[in-house]
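Asks: Here it is, the structure, as C-alpha cells.
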Amino acid sequence: MNPSVDALRATFGNTIGRAEESCGDTIVYVARGPLREVLAWLRDTPEQGYDYLVDVTAVEYRDRERPLEVVYFLRSLARRVDLRVKVELDPSGELAVDSVVPLWRGADWLEREVYDMFGVTFRGHPDLRRILMWETYAEGYPLRKDFPLRGRFSRAEQVRQALAANPEAHYSLEELPIAEAFDELPPEMKERLRKGERGKVPYSE
Amino acid sequence: MTKRTVELALATPGTDARGAPTRVPLALAPAAAPAAEPDVAGEHMLINLGPQHPATHGVLRLVVELDGEMVVRVIPHVGYLHSGFEKLGEYRHYNQIIPLTDRTDYLSPMANNVGFALAAEKLMGIEITPRCTVLRVIACEMSRIISHMVWLGTTSIDLGAFTPFLWAFQERERIYNLQEMWTGARLTTSVTRVGGMMADVPDDFVEGVRHFTRTFPKTLAEIDRVLTRNAVWVGRTQGVGALTAAEAINHSLSGPMLRASGVAVDLRKDKPYLGYETYDFDIVVGEHGDVYDRYLVRLEECAQANRILAQAVDRLPQGPLNVADPRVILPPKSRAMNDMEAMIYHFKQVMEGVKAPVGEAYVGIENPKGELGTYLVSDGTAKPVRWRIRPPSFINLSVLSKMAEGHLLSDLIAINASVDIVMGEVDR
Amino acid sequence: MKRVLETKEVAGQSPNYLLAKVQDLVDWAVNASRANSLWPMPFGTACCAIEFMATAASRYDFARFGMERQAFSPRQADVLICAGRLPFKLAPVIRRIYDQMPQPKWVISMGACASTGGIFDNYAMVQGIDTIVPVDVYVPGCPPRPEGLLYGVLLLHKKIRGESLFDRVPRRDEQPLDERGLRLSPEQIDELSEPFGNSIHQFRSA
C-alpha cells in the first residue's frame, strides 16, 4: 500500500474514501467535492510530489449497481511511485467533476476524450467539446454500457449522417471568430457562446 | 579526402549519484522567432491542413491561423481514425484483443502486443518464462527500430530529403523479413499470447537478428552523415518547437519528446519490466527540446536498441516458451486431438476464453512513441470490463498548438513531424 | 451474327469494319497510356498506408508500373487508393476528394477495412468504402502484402484496357450522391453492412 494513502487520510480525513490494492497498485477513492484540492495537494506537497499525470479515464461496470468511476493515474517522477485516484459518480445522476487542467495541462485532451466517450462534464475545462467523434454526433456516448457496439442508428442512417457533416467545420471556441459555422453548432455550445464563455487556453508557466 | 567522424555524445546516465533522475540544464537555442502581432486589420488567413495531406503523418487535421507565413494559432482536430478499439475490446476475449493491439500503433506492432500481454498477465498473476522474457525484449527493440525508421524517413521527406526515406525503409524490410519469419505477418504480427508467445522463433531467426545488428549501424552512420551536420537540416530544425522540461512534464509528454527536453525519464530504467535492468544500455537525453534534439534522441535510440538486441540474442535461454498452465495456454494440437483432458482445456479456452480474476491492472511500457499504458479492469469474466490504452501519441500531440505558435508554416510541418504521431494510436 | 452486331452497336462500336478498327486502335492507345501512367492518390489512413509506403519504397517499387508520381492533390490524380480503415468522421472527406478528382478516375479499395469494414464492425467504422464511393478493384488482406497491392494495380490495368471511349453507356459515370445524401439506397447499405461470419456471435459483451 502506497504510504501516500496514510498521508492523505492524515491531511484530509473523511473525504478520503476506501483504499484498495490490486495487482500491486494502490487505488484510493476520493469524494467528488474536494477532488481538485486533494490532487493539488498531491502534486504540490514536496514529500508527495506527484508531478506527472499519466492518464485520466473513466470506467463503467457491467453491474448496474456499481457507480461510474473517473480514474486519475498519478506518478511521482522523482520517487518513481504511482498512485491511482478514483472518483465515483452515480450514472443516473449528474456526471460532472472538476477539471484538473489548471494542475496538469496534459489533462486537456484526456478530459475531452472522457467527455466524448462517457459524457462526463469537466467543470472549468477551457474547451470541452468532442474530440474523437464529430461535434454534431447524435448517437450518444460510445463507451457507455447501454450504447450498443454497432451504434444506435441503422448503418444507412449512420452513413447519411456522416456524409451530411461538413468536413470543413470549425467548431472550437477559438476558431469561431474567424470561421462562419455558427448555425451548425450543437445547441449547448451555442448557449455557452451566448453566455460569453470564450475558451482562451492560458499557457501558464 | 579526410574522413570526419561525427560523435553523437548524447548518452547520459539516467540517474545521478543519489539515484534521482538527472535533469540536464536547459538552454534554448538562439534565434527565437519574432512574436506574433495582434491582427488589427483582420488579415489573418484561416487555412485547413488535412485530414488528407501528405505531411500530416496520417489523418490529422490542423486548422492554422496565419499572419502571412507565420502561424498565429494552430488547432489540431483528431478523431478521423477513431475505430472504437476500446469498445471493441469489451466484446473480445483477452487473446482476441491481441490482434487489435497490432492496429493501434501499426508502426511498432510487436511492442503493442507485448504491452497488452504484460497487462493481462499482471491482471491474471501469471509469470512468464525466461525465454519468453528475452524474446519479448527482442520484439520490443525491433519495434523501436522500425518505428524510428518510419519516423526518420517521413520526417526527412517532409523537410525535403528523400533519400533517407528509402534507406530507412530498406532497413524496415530487413526487420519485416525477421517478423515474417517468426509470425508469418509483416505488419500485423499478434506475436504474444497471454502467458507466452504465439510461436517459438525458427532456427534462422537468431542468426538473422545477429546479422541485422552487425549491419544496421552502417545505415545509421550513413543517415547521420547525410543529415546531422547538414546546413539545411540544422537550419530547419534547430531552435524550432522548443519545450522546457517543466512544460514537458506538465503536459504529460513521454518518450523521446520528454527526453529531448532534458528530462531523463525512461520506463525501462525507472520501472523496469522484462528484465531491462539487466541489460547494458543508455537512455538518450537531449538538451534544448527542439526538433533537432528530438531527431538526435531518436537516432541514438536506434543505436541503443541495436545494442540491446545484440545482448538479447546472446543471452536467449533454452527452455519452455509458454507458461505450463493449461488453463491459459492452448495445448499443442497433437495432444489436443489425442488426449481427452487436453481437448477439454482447448475447448474451454477457445469457447469461453481465459477468465481473469476480479481486479484491475495498469502496465506502462516504453514504446517508441512514449509510454504506452494498458489499463485492464476485470469483473471475473473472460472479457474485460474496460480496456484503456494510454496513448502516447495522443498526449504528445496535444502540445502541438503550444509549440508551433510564432513559427513559420514550414516550421509547423517540422514540429508536427517531430512529435512522431501515429494516428491509429491517437484516435484508437 | 445479327445478335453480335446489335450488341456492338449498343456498345458504341461502329458497324463499319474500317471505322471499327480505327476505334480499336484509338481505344488501345488511350487505354494503354491511361493504364501505364496511373497517378495514385494515396488516401492512406492506417496500417495499409504503411504497406502502401513499403510498396512505394525501393524493394517493391510501384514506380515501375507507372505510378511514379504520387498525386497528393486529387485534381491531378487518376486512381484513389483508399489504404486503411475509414471511420464515419472521415466519410465526407473521402467523398469530397473523390468528387474533386477529374475523369477518368478509378478507385482501389486496399485492405479488408476499406473493402468491408474489416475487423471493426462497430459504431465508428464505415463498412466498406463502396457505400460512399464506387470502387473498381478490391484488394483483400490485413494488410495486403505489397505484392497483393501490385496485383490489384495490375487487375486495374486489365480493367482499364477493357474500356472503350466509344461506349454509349459511359462506364465512367459520376455516381453522385442522391437527394437523400447517399450513393446507394438505404436497403443496399444495410445489406452490405450486415455482419457475417464470426462477427455475428461477437456482439455480446459478457
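Asks: Give the Cα extents of the protein assembly as shown along the principal axes, in whole Å, largest first.
Replies: Largest to smallest, the principal-axis extents are 99, 77, 74 Å.
Asks: Now for a separate question. Ignoring ligands, DNA and RNA, what percent of the 1.4 Å accessible area of region C:1-141 is carbon and sulfur?
Replies: After summing per-atom areas, the C and S share lands at 61 percent.
Asks: Give me, ordered by chain and number, the residues 5 or more places off C:G44 or on other chains with an amide H under 5 Å from its own placed amide H.
Replies: It is C:A83, by chain and number.
Asks: Can you give me the C-alpha center-to-center distance between region C:91-150 and region A:16-50, rounded to a whole angstrom?
Replies: What the calculation gives is 47 Å, centre to centre.
Asks: Could I ask something else about it? Take peptide A:113-119, look around each residue's Cβ out to 10 angstrom, count Cβ atoms belonging to other protein chains, and average those counts.
Replies: Taking the mean over all residues of the peptide, I get 2.
Asks: Something else: Out of B:P368, B:P202, B:P51, any idea which swings most in a Gaussian network model of chain B, alpha carbons joined below 10 Å?
Replies: Comparing B:P368, B:P202, B:P51 in the GNM, the peak value goes to B:P202.
Asks: Might you tell me the accessible area per residue for chain C, computed with a 1.4 Å probe and given in Å²?
Replies: Dividing the accessible area of chain C by its residue count gives 46 Å².
Asks: Oh, and also: Leaving out ligands, DNA and RNA, and with a 1.4 Å probe, what % of the accessible surface on region B:259-350 is carbon or sulfur?
Replies: Carbon-and-sulfur percentage of accessible area, whole number: 57.
Asks: Which value in Å does the Kirkwood hydrodynamic radius of region A:18-129 take, with 1/r averaged over all unlike C-alpha pairs and then inverted?
Replies: 14.3 Å
Asks: Over 29 Å between C-alpha atoms is what I'm after, so list which of A:K145/B:K271; B:K269/B:K348; A:K86/B:K369; A:K145/B:K402 land there.
Replies: In this structure, A:K145/B:K271; B:K269/B:K348; A:K145/B:K402 exceed 29 Å between Cα atoms.
Asks: When the Cα atoms of chain C are enclosed in a convex hull and the volume is divided per residue, what value in Å³ results?
Replies: Output value, Cα hull per residue: 156 Å³.
Asks: Which parts of region B:79-118, residue by residue, lose 50 Å² or more of accessible area when the rest of the protein chains are there, as against the chain isolated (1.4 Å probe)?
Replies: B:Y80, B:L81, B:H82, B:S83, B:K87, B:L88, B:E90, B:Y91, B:R92, B:R103, B:Y106
Asks: Starting from the residue with the highest accessible area, list C:F166, A:F147 in decreasing order, probe 1.4 Å.
Replies: Largest accessible area first, the list is C:F166, A:F147.
Asks: Report the Cα centroid-to-centroid distance between region C:16-30 and region B:133-191 in angstrom, as an integer.
Replies: 49 Å
Asks: For chain B, what mean projected area does the convex hull of the alpha carbons give, in nm²?
Replies: Averaged projected hull area, Cα only: 22.8 nm².
Asks: A further question follows. Enumerate by residue number the GluC sites (Glu not before Pro) in region A:55-146 meeting two conditions: DSSP loop (anything except H, G, I, E, B), and at most 11 other Cβ atoms within 10 Å of the site's Cβ.
Replies: A:E65, A:E94
Asks: Would you rank B:E171, B:E352 by solvent-accessible area, highest first, keeping every protein chain in place and using a 1.4 Å probe?
Replies: Listed by decreasing accessible area, they come as B:E352, B:E171.
Asks: Could you look at region A:1-108 and say what percent of its accessible area is carbon and sulfur, using a 1.4 Å probe and all protein chains?
Replies: 48 percent
Asks: With all protein chains present, calculate the accessible area of A:D146 using a 1.4 Å probe and round the result to the nearest 10 Å².
Replies: 100 Å²
Asks: Which of B:G115, B:G241, B:G125 moves the most in a Gaussian network model of chain B with Cα springs under 10 Å?
Replies: Among B:G115, B:G241, B:G125, the largest mean-square fluctuation in the Gaussian network model of chain B belongs to B:G125.
Asks: Give the cross-link partners of C:K158 among the aspartates and glutamates, using a straight C-alpha distance below 12 Å as the criterion and excluding same-chain residues fewer than 8 apart.
Replies: C:D136
Asks: Still on this model: So which residues in region C:80-94 end up with at least 10 square angstrom less accessible surface once the other protein chains are there, compared with the chain by itself, probe 1.4 angstrom?
Replies: Residues shielded by partner chains are C:R85, C:P87, C:F88, C:K89, C:L90, C:A91, C:P92, C:V93.
Asks: From other protein chains only, count the Cβ atoms within 10 Å of every residue's Cβ in C:49-56, then give the mean.
Replies: Mean partner shielding for this stretch: 5.
Asks: Same structure again: Taking every eigenvalue of the Cα gyration tensor of region B:329-428, multiplying by 5 and rooting it, what semi-axes result, largest first, whole Å?
Replies: Whole-Å semi-axes of the equivalent ellipsoid: 45, 16, 9.
Asks: For B:H77, what residues show an amide H to amide H distance below 5 Å, using hydrogens built from the backbone and excluding near sequence neighbours?
Replies: B:R61, B:L62, B:V63
Asks: With axes computed from alpha carbons, what is the tilt in degrees of helix B:291-314 against the longest principal axis of chain B, rounded to the nearest 10 within 0 to 90?
Replies: 30 degrees
Asks: Return a whole-number percent for the relative contact order of chain B, with Cα pairs under 8 Å and 6 or more residues apart as the contact set.
Replies: Relative contact order, chain B: 26 percent.
Asks: Between chains B and A, what is the buried accessible area in Å², counting both sides, with a 1.4 Å probe and ligands, DNA and RNA left out, to the nearest 100?
Replies: In total, chains B and A hide about 5100 Å² from solvent.
Asks: Additional query: Taking every DSSP beta bridge that has both residues in the protein assembly as shown, what percent is antiparallel when rounded to the nearest 5?
Replies: Of the beta bridges lying entirely in the protein assembly as shown, close to 75 percent run antiparallel.
Asks: For region C:61-181, what number results from the quotient of the Cα radius of gyration and 2.2 N^0.38 Å?
Replies: So the Cα radius of gyration is 1.07 times the expected 2.2 N^0.38 Å.
Asks: Here is a further query. In chain C, which longest range has no trypsin sites (Lys or Arg not before Pro) that are both DSSP loop (not H, G, I, E or B) and surrounded by at most 10 other Cβ atoms within 10 Å?
Replies: Between the exposed loop sites, the longest stretch runs C:1-167.
Asks: Restricting attention to region B:40-120, which GluC sites (Glu not before Pro) occupy a DSSP loop and are surrounded by at most 15 other Cβ atoms within 10 Å?
Replies: Answer by residue number: B:E43, B:E69.
The values are calculated or read from the model by the stated rules, or taken from the named source; none is laboratory data. Please read all numbers here as calculations on a predicted model, not as lab measurements. We place every Cβ from the backbone using ideal geometry, glycine too, and count neighbours over all the protein chains shown. Note: accessible area is taken over every heavy atom of the protein model, side chains too, but ligands, DNA and RNA are not part of it. Shrake-Rupley method; radii C 1.70, N 1.55, O 1.52, S 1.80 Å.
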